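Participant: Quick one: structure below, then a few questions.
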Amino acid sequence: MAMDVERDPGAWDALVEAAPRGSYLQLPAWADVKAANGWRSTRIAVDGPVGPAGLQVLARQPRPLPWAFAYAPRGPVWTADPAGAVAPLTRRLREELASSLGRTSHLRIDPEIERDGPEDDGGAFRDALAASGWRPAPPIQPDRTRLIDLRADEGALWSDLRKKWRQYVNRARTAGVRVVEAESDRLPEFYEIYRETASRAGFHIRTEASYRAVWEAFRPRGRASLLFAETADGQAVATLFLVRVGTRVVEPYGGMTALGAESRGNYLLKWEAIRRSREAGAETYDLWGLAHPGIAHFKTGFGGREVIYVGAWDLVVDGLGRRVYAGAQRVRVWQARRSLERGASNQLGGDEG
């Protein structure tokens, strides 16, 4: 059965959709998005003690290194008992990685398994990883988030918002702000708002074409949606790019303009995204990361509960390659920070003359 799941994209989609915490980053559509940037992909699965488990692995070889870096974002996925699937899956990975992806330094995973939660009771999942040779590693995806249970009725969800947040939502409505769903023709507007937000908050974003690629990969099957908060005169002031997998909706991208903050349109937009996701039959709304204190404060006001994941883990395939990669990564991070600092300086006029 595992081999069939590996080879059949439809069967893999079904496994991810049915998984308790299946992520859109484990769907074949995400591998298609990343292929444009030079990432190769493979899918590796096993028949675990209770059912199939596996991961979609992406790999890219940073020049001039002779090793590829392998990454399974939000993998593995499983039907049940992830701790029990770790050992057989690890054995299969050690056997298959080199033949599938070539010379590889290490594989990194960051599973959506809650630390000390039901699937990591007493650290069971982390212990299984350690026993199979995995080691804790720096995170790539957010290691904590807030999840809102949409199985509650709308009144309960509304009551779960902080009082001030409910006031802000109502203030935006009174001012004539409305939330609309859009199609691909408005992706340039999304990108401008997202770019303005990134510049203000100091985080890195990709090109507009990158987000269009995500849209084109996920929209045809109804997995992607784009929302805008607009003022009464039709000006877009906030936006959210949502992706749905199974019964879960996540919000990986979004932002607002200065007017969006002033009008509280961003509060109305978030509430409408939550409310509409429930109406569409979703059971969980994932606020996708709490990396910045200000962002965490904003998201916390919409209720739900904070979830801390077990973090990222590495399976080392080639020890020398892993050490070389770590050194190159430190240089890359330093260069990225310098670039952000120079950008901030330019905005402040620090490089004039």
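Participant: Test GLU262 against the stated conditions and say whether it is part of a helix (DSSP H, G or I) and in contact with a strand residue (DSSP E or B) (Cβ under 6 Å, 6 or more places away or on another chain). Working first, answer last.
Facilitator: Numbers: part of a helix (DSSP H, G or I): yes; in contact with a strand residue (DSSP E or B) (Cβ under 6 Å, 6 or more places away or on another chain): no.
So GLU262 fails the test.
Participant: Go through region 29-47 and give me each residue that's at negative phi, open to solvent by 20 Å² or more (accessible area, probe 1.4 Å) and not hydroxyl-bearing (Ser, Thr, Tyr). I'd like the intermediate steps shown before the answer.
Facilitator: Taking region 29-47 first, the residues at negative phi are 29-37, 39-47.
The next check asks that each one be open to solvent by 20 Å² or more (accessible area, probe 1.4 Å); those that pass are 30, 32, 34-37, 39-43, 47.
Residues satisfying the conditions are TRP30, ASP32, LYS34, ALA35, ALA36, ASN37, TRP39, ARG40, ARG43, ASP47.
Participant: Is it the case that PHE218 is modelled with pLDDT under 95 and either out of contact with any Asp or Glu (no Cβ under 8 Å at 6 or more places or on another chain) or on the phi < 0 side of the Ramachandran plot (or both)?
Facilitator: Here the answer is no, as PHE218 does not meet what is asked.
Participant: So, one more: Looking only at residues in region 288-315 that are assigned to a loop (DSSP other than H, G, I, E, B) and within 13 Å of ALA201 (Cβ to Cβ), which one is modelled with the highest pLDDT?
Facilitator: GLY289
Participant: Only one of ARG43, ARG7 is charged (D, E, K, R) and touching a Phe, Trp or Tyr at 6+ places or on another chain (Cβ under 8 Å). Can you tell me which? Step through it out loud before you land on a result.
Facilitator: On the way: ARG7 fails: touching a Phe, Trp or Tyr at 6+ places or on another chain (Cβ under 8 Å).
One residue alone meets the criteria, ARG43.
Participant: Looking only at region 180-205, count how many residues are modelled with pLDDT of 95 or more, within 21 Å of the chain's Cα centre (by Cα) and open to solvent by less than 70 Å² (accessible area, probe 1.4 Å).
Facilitator: So the answer is 6.
Participant: Count, please, the residues in region 56-78 that happen to be over 22 Å from ASP143 (Cα atoms) and either touching a Phe, Trp or Tyr at 6+ places or on another chain (Cβ under 9 Å) or surrounded by fewer than 18 Cβ atoms within 10 Å (Cβ to Cβ) (or both).
Facilitator: Count: 8.
Participant: Note down all Cβ pairs under 8 Å where the first residue falls in region 320-335 and is under 15 Å from ILE140 (Cβ atoms), the second is among the aromatic types (Phe, Trp, Tyr), and they're at least six residues apart or on different chains.
Facilitator: Within 8 Å, the pairs are TYR325/TRP67; TYR325/PHE69.
Participant: Hey, among the residues in region 11-68 that are under 25 Å from ALA87 (Cα atoms), assigned to a loop (DSSP other than H, G, I, E, B) and among the hydrophobic types (A, V, I, L, M, F, W, C), which one's modelled with the highest pLDDT?
Facilitator: Out of the qualifying residues, it is LEU27.
Participant: All but one of (1) open to solvent by less than 60 Å² (accessible area, probe 1.4 Å); (2) more than 29 Å from ARG151 (Cβ to Cβ); (3) in contact with a Phe, Trp or Tyr (Cβ under 9 Å, 6 or more places away or on another chain); (4) of a type in the set (Val, Ile, Thr) hold for ILE274; state the number of the condition that does not hold.
Facilitator: (2)
Participant: Does region 125-143 include one or more residues that are touching a residue at least 24 places away in the same chain (Cβ under 8 Å), within 12 Å of LEU315 (Cα to Cα) and among the β-branched types (Val, Ile, Thr)?
Facilitator: No, that holds for no residue.
Participant: State all residues of region 148-193 that are over 17 Å from GLN235 (Cα atoms) and β-branched (Val, Ile, Thr); if no residue qualifies, say none.
Facilitator: Selection gives ILE148, VAL169.
Participant: Mind checking whether some residue in region 230-245 is farther than 26 Å from SER199 by Cβ and touching a helix residue (DSSP H, G or I) at 6+ places or on another chain (Cβ under 9 Å)?
Facilitator: Yes, that holds for at least one residue.
Participant: Can you name every residue in region 94-111 that is at pLDDT below 95, within 25 Å of the chain's Cα centre (by Cα) and not small (Gly, Ala, Ser)?
Facilitator: Across region 94-111, the qualifying residues are LEU97, LEU101, THR104, HIS106.
Participant: Sort out for me the helices (runs of 4 or more DSSP H) sitting completely within region 99-179 that have 3 or more residues that are open to solvent by 40 Å² or more (accessible area, probe 1.4 Å) and over 30 Å from ALA261 (Cβ atoms).
Facilitator: Hits in region 99-179: 124-131.
Participant: Follow-up. I'm trying to understand the selection: among the residues of region 214-233, which are touching a Lys or Arg at 6+ places or on another chain (Cβ under 9 Å) and either in contact (Cβ under 8 Å) with a residue 60 or more places away in the chain or crowded, with 16+ Cβ neighbours inside 10 Å (or both)?
Facilitator: Within region 214-233, ALA217, PHE218, ARG223, ALA224, SER225, LEU226, LEU227, PHE228, ALA229, GLU230, THR231 meet the criteria.
Participant: Continuing with this model, one more query. From the list ARG171, ARG206, ARG195, ARG244, exactly one residue is within 20 Å of THR300 (Cβ to Cβ) and basic (Lys, Arg). Which is it? So that I can check it myself, show each step before the final result.
Facilitator: Details: ARG206 fails: within 20 Å of THR300 (Cβ to Cβ); ARG195 fails: within 20 Å of THR300 (Cβ to Cβ); ARG244 fails: within 20 Å of THR300 (Cβ to Cβ).
Among ARG171, ARG206, ARG195, ARG244, only ARG171 is within 20 Å of THR300 (Cβ to Cβ) and basic (Lys, Arg).
Participant: Considering only region 277-296, state which residues are surrounded by 24 or more Cβ atoms within 10 Å (Cβ to Cβ) and either closer than 17 Å to GLN141 by Cβ or of a type in the set (Val, Ile, Thr) (or both).
Facilitator: ASP286, LEU287
The values are calculated or read from the model by the stated rules, or taken from the named source; none is laboratory data. The model shown is predicted, which means the values in this text are computed figures rather than measured ones. Don't worry about glycine lacking a Cβ; one is built from the backbone with ideal geometry, like all the others, and counts go over all protein chains shown. Calculation scope for accessible area: heavy atoms of the full protein, side chains included, ligands and nucleic acids excluded. Shrake-Rupley method; radii C 1.70, N 1.55, O 1.52, S 1.80 Å.
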